[in-house]
Amino acid sequence: MEKYKILPHPADIKIQAFGKTKEELFLNAIRGMKEVLKVKSKKLKVKREINVKSIDLNALLVDFLSEVLYLSQVNKEIYNDVKFKKLGPSTSSGQTILEAELFGNKVESFGEDIKGVTYHGLEIKKKDDLFEVTILFDI
Amino acid sequence: MINKENFKKINNWLREIPKSFRDDMRVPARIYVSDKMWEHIEEGALEQLVNSTTLPGIVKYAIAMPDIHQGYGPPIGGVGAMKLPDGVISPGFVGYDENCISGDTNVLLEHGAFIPIKRLEKEWENICLQHIDFKRKNITTSLPIRFLKKFNNPHIFKIITSSGENVKITEDHPVYTKEGMKEAKNIRKGEKVVLLPFKGVKYRKSSSKIILSEDDFIKVLSKFKTSSGSAKEQVISFLRKINILPLKYNSFQLPYLLKIIGYTLGDGTIPLINNSPGPVAFYGRPEDLEDIRKDIKKIGFKPSKIYSRTRDHEIKTYYRKYKFTRTEHSFRVSSFSFSALLVSLGLPYGSRSEKEYRVPKWIFDCSLWQKRLFLAGLFGAELSTPSTLNKYNFYAPQLNMQKAENLKRNAKLFLKDIKELLAEFKIETHAIQEVPGYQYKGKKGKTLGLRLQISERADNIIKFFQTVSYEYNQEKFKKACLAANYLKKKLKIVDLRTKARKEIKKLYKKKGDFKKLVGEYSSKYTPVQFLYHSIFEEESWGIRRKRGNPRVAFNFPSFDDYIKSNAYGFRGLVWDEIEKIEKIPHKDYVYDFTVNHPDHNFIANNFVVSNCGIRILKSDYTEKDIQPYLDKLATEMQKEVPSGLGRGRQTKLSIEQIDKILEEGVPHLVSQGYGEKEDIENCEEKGKMEQADANCVSQKAKMRGRDHVGTLGSGNHFVSLEKIDEIYDETVAEVFGLFKDQVVVMIHTGSRGLGHQNCTDYLRIVMQALPKYNIKLPDRELACVPFDSPEGQRFFKAMSAACNFAWSNRHMISYYIGKAWKKILGEKTGLKLLYDVAHNIAKIEEHEVDGQKMKLVVHRKGATRAFPPNHPEIPKKYKDVGQPVIVPGSMGTPSYVMVGAEKSKEAWYTVCHGAGRMMSRHAAMRAVSGQKVVSDLKEKGIMIKCRSMKGIAEEAPMAYKNIDDVVEVVHQAGLSKKVARLIPIAVIKGE
């Protein structure tokens, strides 16, 4: 199974991510984002906790990637693995939540500057037991 | 699906798709384009243009410039203007953080009442909250627009300050610190936070029992001469109109009336005219009178303006005669209905010292929080200001009364009423005293003085200052707040010293090693000397003295010094130090409001993303002068201006410095010695959007901006050295200071990480708010909220702050470039700013729509504002010719300086912002290598400085539309006129 692919877009960058589970889809989306960021990483390993709440699963993916991007840029880190503790609707708040740990490395420099993760045409779909989504990054 | 054929050609430079094309279109869409360029326009971008016509409040057209290309939400190169106040503003970013507080936290409501937040679950829509306006350092009220309840598990933060105040909040709840808003989890011990020491009185719902019915009122009215016949009818019909009768305990007017009645008994008068009550007059400081006026208006009456007059006074007392001059401020309410209403509610009219009156009986049946309003109104006028007698201890606040000798009993009864009311708040008072020195001889005989004092014991006055305090007197309220905070700290230290004294005595008895004990027990407020005297009796002059209970330490500040170092603003807010932060278990619900910010209303749109823009710096050199130094100069410029991708500048700014830039923009940097005053004048908006509010920008955004000031970013952001190769309009060029072969510096970048995060944050907020405003849109990225909604206002303020950040970023880059030039070409080298203009911005501007001038929120996304000659918002020196418009080409292609023209009125004075992409980054990379691009440019005599080859191919000239074609459309359509063409000689690119 392909993890993600980079699609053509006139001004910005679009990626398509796949996953057998929602967790895998989210993981592959940050791996796709990692490729877009063109990092020179260092050896030093890092771990971060992340909690996100959103109105639905699509928004959760955007908010998750936005949060990962924020953590990357502020801490100068890149993440390539995720341990999910929760991902799905929360019974108490009625929102969709994500709780996870991110694993990655410290970064020497970024080769690309992603300004933001957009909702443009973003819809998580399930085709033949495979989740897929297209994400447009504003760069 | 949009088809190009759906667009009708209006002329050689303009096409339009009618409103009838799609049901959800509110206006037609227009695009400025030539036949030649039309084939290069993507249908996806046209679809986005049509989508943007669905935004609520959009007027006339959604407009696209010839450099239009597909973005997300509206296309890049799009312009839309929304009508105020019902139009929308849409950010492209949001961030409703659900940060909450624990259910038992009291929230302060309007009228000085508080209630635990969890009790508001069902009623939050009916209350009005007090909150702090950090920008004005003021306390203000606002309506909540959202109530939030969620389950929290497992922890919450408990923050305790040095005065003993505490609050329990979730880890991401922001608290206002000296560095701006900070999330609880990031706050450390020792940091200072802003508090309002006033607590108020617990809120209780009031009954619907009638205080004054229409019949009661008519009965009182009929006693007055002036109120017979039609006058009486008029009064009643007016009171009916303002819906004040019957007045009930739960009438919304009652809280205001209670304060007004209290104040009138002190510094107000209702004169006696023809045996009837005359116009009510209020005396006081202008700012307090203003507060009273506002309240009077709220209940439906019209106060006069405030009058000021200087008068000479002479007062003869028991001891001596006093003469003084002072300016007296007052206003009146002439309406007889108002005087009659107050009298019906129990206020005396005519000379109060000659009249018998008590606290109106109905006040005793009010809820406690309502009683407070009456007392605080009276105290605002009559109770003494909190002050100290020996720097540390406070005088007992006193209420004085003058009364005709024969009415002494009545005066005592009135003060007894006050005493009783205060007792309900558990506030102790001293016995009522007759004051011998306060006997005056007036025209109508002798008066005597009576006094009621509130017990000065620290815990008693703290309670008084925190619960009752003062209304309609900002100075007294402020002092009361500061005094409460000061005394609480003082008591804590006295308590600490008392405990230390006891403890050390005990231990000394047991162990007996004073030196060792002192080592362990001495501290800032329990110094060695103090501990020594706690154990050993002192002998002086042969008398042995034992130490009593400790007082506060000598190094504790006096009240005056405390005010100087701890007051925040002028309304009683205070900086208090965090003493402890605990993470405590909290498996329970937590709550929060979203509060409507008080300023003006407005909102929305989804056009604005990150605020990039462009500026040109002019040099005095020609290309010939520069050529020998070109390589060195470009290298030095690259060194001075990092791209900042991950590697920002070496210096990280503090959040406080970021806040300054966000709110004060370029003028702040100039005041700090970066750049010249002239730079301010030549920047759009003079480098500072007044509406900017750093509090509306999230902590995350600020964190991303800390090392980005003075950095370029990547993608199409660059700095270039250009030479002017053609002048089209000599006259305008001369005004702009441009000449043939001149070398100029062009800077293209934006608000960087801060702006992007701001976008992300607000898109999220706005998206969540869509259902509330019943807004349905074809694309989530168009998310918008009404301009006058709280979210819209906050977004506008945040976006304005991000614009200030972007201008400041380009300003700092200019400063560093100036440094590079000086290093290579000598100290005398000076670069002058031609103009700086934003490319992504929403602004309130006045435009003509169908012959009428109106205020619009104009959204420009990847488009440039271009004002014509004589427009008030352009610098003086450009007034006769129009605003300079900079249209940068892509890497290695020409750029243009144009000038704004009147014809662009039809496009909200907007033109294109560059060439516009035509090919995706990937396609460009497949089509050409970075190496090839560099060698092609070299052949043309253009030097490229870029740390990585990766980004070069993506920005290859072939990936963009032909800039000459784009500029030609704008020129021919008359939107702007060509002034000069620039060709690059060196490009310094972000990575």
Spatially near lysine pairs across the stretch B:341-428, Cα under 27 Å, sequence gap of 8 or more or different chains: 28
Amide H within-cut-off set for B:Leu573, under 5 Å, with H built and near neighbours excluded: B:Tyr568
Two-site label geometry, B:Arg551 and B:Lys903: point separation in nm, points 7 Å out along Cα→Cβ: 8.4
Per-peptide average of other Cβ atoms within 10 Å, ordering B:201-211, B:760-770 highest first: B:760-770, B:201-211
FRET efficiency estimate (nearest 0.05) - Cβ-Cβ, A:Lys85 to B:Met958, R0 45 angstrom: 0.40
Nonlocal amide H pairs with B:Val280, under 5 Å, H built at 1.01 Å: B:Val333, B:Ser339
Peptide-level mean, for A:57-66, of C-beta atoms on other protein chains within 10 Å: 3
Potential extension, B:Lys515-B:Lys652 segment - 0.36 nm per residue separation minus Cα distance: 44.6 nm
Cross-link reach list, lysines versus B:Lys828, counting only Cα pairs under 17 Å and skipping chain neighbours closer than eight places: B:Lys618, B:Lys819
Whole-Hz couplings from phi, Karplus 6.51/-1.76/1.60, listed for the stretch B:800-807; x for Gly and Pro: 4, 5, 5, 5, 4, 5, 5, 4
Where B:Met799, B:Met943 fall by accessible area, highest first, once all protein chains stay in place (1.4 Å): B:Met943, B:Met799
Candidate lysines for bridging to B:Lys232, where Cα separation is under 21 Å - those fewer than 8 sequence places away on the same chain excluded: B:Lys219, B:Lys223, B:Lys241, B:Lys302
For peptides B:783-791, A:96-104, A:35-43, sequence by mean Cβ density within 10 Å, most packed first: B:783-791, A:96-104, A:35-43
Value of Rg/Rh across the protein assembly as shown [Cα atoms, Kirkwood radius]: 1.04
Helix-only [θ]222 nm of the protein assembly as shown, DSSP H runs n ≥ 4, -39500 (n - 2.57) each, per residue, nearest 500: -9500 deg cm²/dmol
Using alpha-carbon coordinates, inclination of helix B:408-424 to the longest axis of chain B, degrees: 50
Calculated from backbone phi, Karplus (6.51, -1.76, 1.60) coupling profile of the stretch A:127-133 in Hz, x at Gly/Pro: 10, 6, 6, 10, 7, 8, 8
Accessible area of B:Ser213 in the full protein assembly, 1.4 Å probe (Å², nearest 10): 30
Solvent-accessible area per residue for the protein assembly as shown (1.4 angstrom probe, square angstrom): 42
Modelled FRET efficiency - R0 45 Å, B:Ile210 with B:Leu389, Cβ distances, 0.05 increments: 0.45
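Provide the percentage of antiparallel DSSP beta bridges, counting only those with both residues in the protein assembly as shown; round to the nearest 5.
Of those bridges, close to 95 percent are antiparallel.
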Accessible surface buried once B binds A (1.4 Å probe; total of both sides; Å²): 3600
Residue-averaged beta-carbon neighbours from other chains (10 angstrom radius) around B:759-766: 4
Net lengthening on full extension, B:Lys202/B:Lys492 (0.36 nm per residue, minus Cα-Cα): 101.9 nm
For B:Val885, distant residues with modelled amide H under 5 Å away: B:Met898, B:Val899, B:Gly900
Scattering profile of chain B at q = 0.06, 0.10 Å⁻¹ [log10 I(q)/I(0), Debye over alpha-carbon scatterers]: -0.60, -1.16
Radius of gyration and maximum dimension Dmax of the stretch B:4-93, Cα, Å: 12.5, 40
Debye equation applied to the C-alpha atoms of the stretch B:479-563, log10 I(q)/I(0) at 0.12, 0.17, 0.19 Å⁻¹: -0.43, -0.75, -0.86
Neighbouring partner chain Cβ atoms per residue of B:767-774, average, 10 Å criterion: 1
When each of B:Lys903/B:Lys978; B:Lys740/B:Lys961; B:Lys832/B:Lys876; B:Lys323/B:Lys476; A:Lys38/A:Lys115; A:Lys34/A:Lys83 is checked by Cα-Cα distance, pairs over 22 Å: B:Lys740/B:Lys961; B:Lys323/B:Lys476
Cross-link table B:Lys168/B:Lys192; B:Lys316/B:Lys463; A:Lys53/B:Lys688; B:Lys189/B:Lys797; B:Lys199/B:Lys688, entries beyond 27 Å C-alpha to C-alpha: B:Lys316/B:Lys463; A:Lys53/B:Lys688; B:Lys189/B:Lys797; B:Lys199/B:Lys688
Efficiency of FRET from Cβ geometry, B:Lys297 and B:Lys223, R₀ 22 Å, rounded to 0.05: 0.20
Packing-based ranking, highest mean first, of A:124-130, A:72-78, B:183-189 given that Cβ atoms within 10 Å are counted: A:72-78, B:183-189, A:124-130
Cα-based reach from B:Lys945 at 19 Å (exclusive), listing aspartates and glutamates while leaving out same-chain residues under 8 positions away: A:Glu112, A:Asp113, B:Glu623, B:Asp631, B:Glu636, B:Glu640, B:Glu722, B:Asp936, B:Glu954, B:Glu955, B:Glu991
Karplus-derived HN-Hα couplings along the stretch B:185-197 (A = 6.51, B = -1.76, C = 1.60, θ = phi - 60°), whole Hz, x at Gly and Pro: 5, 9, 7, 10, 4, x, 6, 9, 10, 8, 10, 10, x
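The values are calculated or read from the model by the stated rules, or taken from the named source; none is laboratory data. In this text the structure is predicted, and so the values were computed from the model without any measurement. All Cβ positions, glycine included, derive from the backbone under ideal geometry; neighbour counts span all protein chains shown. Surface areas here come from the heavy atoms of the whole protein model, side chains and all, with no ligands, DNA or RNA. Shrake-Rupley method; radii C 1.70, N 1.55, O 1.52, S 1.80 Å.
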